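Okay, so here's the structure we're looking at.
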Amino acid sequence: TGSFIAKRIPFKYELQLMEKIDMPLGTSGASPEMVAYLNNLASRVAPGMSLDEGISVEVHYSDEPVFNAFATVGGNLLFYRGLLQEMPHENALAMVMAHEMAHVNHRDPVAALGGGVASLIAVSMFTGMSGLADRFMTQTHLLTGTQFTRRMESRADTEALAAVNRLYGHVGGAGALFEVMGGIQSDSKAIPNWLERFAVTHPLSEDRVNAVQELALKNDWLVEGELTPLPPDFLRWLSDR
């Protein structure tokens with residue numbers, strides 16, 4: 001029900017909902033350079049994606065040591081320091097960025113929050129947001145309630161890989177994040193604390209590593225190519241709090 005309604009709601013109503021909810025995203029004032037870089041990367045990834053008309057994203061940064069990134073209502077993406085410090089190169093980071101942008105484009109955040117939230121936004125198209133946001137939304141619900149299905153994750157992976165190929169001319173390094181997570185899982189039966197939150201919203205499976213290779217072969221994409229390094233000041237930005 002949530003998916004059916006979400007795809008039929010103009011994106012501008014998601015934006016209006018977020019304007020009505022007092023929900024800070026990220027760490028206020030932390031590393032303006034990192035915020036600028038992440039948003040610039042999103043703007044470079046976007047032309048390689050078939051974003052629906054009116055869809056836009058804004059990337060936020062949190063200096064918490066949490067291995068996570070996620071998309072929420074209104075095209076808001078949140079990237080944590082714990083994830084960014086594990087990025088080996090820009091190609092891997094672009095894959096994560098494109099993946100989260102694909103969730104926004106597919107309207108997955110609204111769909112995942114359930115039919116009640118989707119219906120709320122639909123009702124707002126005719127009645128306005130006054131009073132409705134407080135009744136149906138809480139900050140915690142928006143931040144922790146978004147759990148995507150495996151189908152949503154697979155679809156986002158596919159679109160993200162295509163975007164990475166368009167940006168760099170190959171998909172080399174795109175699966176690095178999944179390889180890192182797979183290696184961590186194989187080393188221990190228990191998921192480390194720093195990875196646990198990411199695992200809640202991003203199912204961990206070696207199948208996702210294999211899927212990158214299969215998609216590349218199917219579409220005749222180069223699986224190897226020159227990897228783009230992260231900016232020279234990237235680590236400094238991470239420590240700028």
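Every number here is computed from the coordinates shown, using simple stated rules; none is lab data. Predicted, not measured: the structure shown is a model, and the values here were computed from it. Don't worry about glycine lacking a Cβ; one is built from the backbone with ideal geometry, like all the others, and counts go over all protein chains shown.
Things worth noting here:
- Here the 3J(HN,Hα) profile of segment 101-111, calculated from phi with Karplus coefficients 6.51, -1.76 and 1.60 at θ = phi - 60°, is 5, 5, 4, 4, 4, 7, 6, 5, x, 5, 4 Hz, Gly and Pro shown as x.
- Per-pair calculated FRET efficiency, R0 = 25 Å: Gln147 and Ser56 via Cβ, rounded to 0.05: 0.60
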